[in-house]
Structures are given as structure tokens and as C-alpha cells.
């Protein structure tokens, strides 16, 4: 196969991995920031929640964010393999 096709596939898969994965990370970070802001507001109003136990109470990523992160990782792996194919073919 033509090396430029491998390179184009690597660039396209890398860009897709970035777009898909970044959206998942941004959603997770935005939710964490909203939760922190809500806790600060309640503390400022004098209605602070009791301190949480030592363990982490974070929800983690939602199912949709987890799917997007996995899809981004798979697309990233395709990009790396395509780049290796480009170097082998050229």
C-alpha cells in the first residue's frame, strides 16, 4: 500500500482520537468542578455537608464518558499502528 495512505490514516485516526477522547475528559473535569463549586457555596451559606469519610466519594466517569475514552484509546492505537505502517512501507 502507498505510504501516504498510511500517513493519512494515521493523521485522521490521531485527530479523531483527540476529538473523541478530549470530549470525555472535559465532561469529567467540568462535573468535578461543578461539584466542588456546589460544596463551596454550601459552606459559604453555612449549610456545609458533614465531612466525607477518608475514602474518595467521587463518582468517576459516566458510562458515556468511559465509552468515549475507550474509543479514543482505540483510535489512538490505530493511529500508532498506521504510523508504524507508514515507516515500514516507506
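Quick check on the chain: helices-only [θ] at 222 nm, where DSSP H runs of length 4 and up contribute -39,500 (n - 2.57) each and the sum goes over total residues. Nearest 500, please.
Values: 2 runs with 69 residues, N = 90.
Only helices count here, giving -28000 deg cm²/dmol.
Please arrange 25, 88 by counting, for each residue, the other beta carbons lying within 10 Å of its beta carbon, fewest first.
Details: 25 14, 88 9.
Ranking 25, 88 by Cβ neighbours within 10 Å, fewest first, gives 88, 25.
Under a plain spin-label model, where a point goes 7 Å from the Cα along Cα-to-Cβ, how far apart in nm are residue 22 and residue 4?
Label at residue 22, label at residue 4, 2.7 nm between them.
Quick one: length gained pulling residue 62 to residue 43 fully straight, 0.36 nm per residue minus the C-alpha distance? Working shown, then result.
On the way: separation 19, 0.36 × 19 = 6.84 nm, distance 2.66 nm.
Gain on extension, residue 62 to residue 43, equals 4.2 nm.
Ordered by packing density, taken as the mean number of other Cβ atoms within 10 Å over each peptide's residues, highest first, how do 79-87, 62-70 rank?
On the way: 79-87: 16.0, 62-70: 14.2.
Highest-to-lowest ranking by the protection proxy: 79-87, 62-70.
Each value in this text was obtained by applying a stated rule to the coordinates, not by laboratory testing. In this text, all values refer to a predicted model and were calculated from it rather than measured experimentally. Here the Cβ is made from the backbone with ideal geometry for all residues, glycine too, and neighbour counts use every protein chain on show.
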